[in-house]
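Everything on this sheet refers to the single structure shown next.
The values are calculated or read from the model by the stated rules, or taken from the named source; none is laboratory data. Just so it is clear, the model here is predicted, and its values are computed rather than measured. Note that each Cβ is placed from the backbone with ideal geometry, even for glycine, and that neighbours are counted across all protein chains shown.
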Amino acid sequence: MAKSTDTRPVIKLRSTAGTGFTYVTTKNRRNTPDRLHLKKYDPVARAHVEFREER
């Protein structure tokens, strides 16, 4: 049986520091219908900043 990409779409997390750095991940649409925002490391800014989901 093939995996369903409907419930776990691939999303981009873009840095709010304005560096243009992105992380690519998947999320469960049923558990988190809102946009994700996570604090992750931005190697361009060399600091932990907030990353937000981009559509």
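Odds and ends about this structure:
- Among the conditions (1) surrounded by 14 or more Cβ atoms within 10 Å (Cβ to Cβ); (2) polar (S, T, N, Q); (3) at pLDDT below 95, the only one that Thr19 does not satisfy is (3).
- Residues (modelled with pLDDT of 95 or more and in a loop (DSSP other than H, G, I, E, B)) located in region 37-55: Pro43, Val44, Ala45, Arg46
- Matching residues in region 26-36 - criterion: being surrounded by 12 or more Cβ atoms within 10 Å (Cβ to Cβ) and under 10 Å from the mean Cα position of the chain (by Cα): Lys27, Arg35, Leu36
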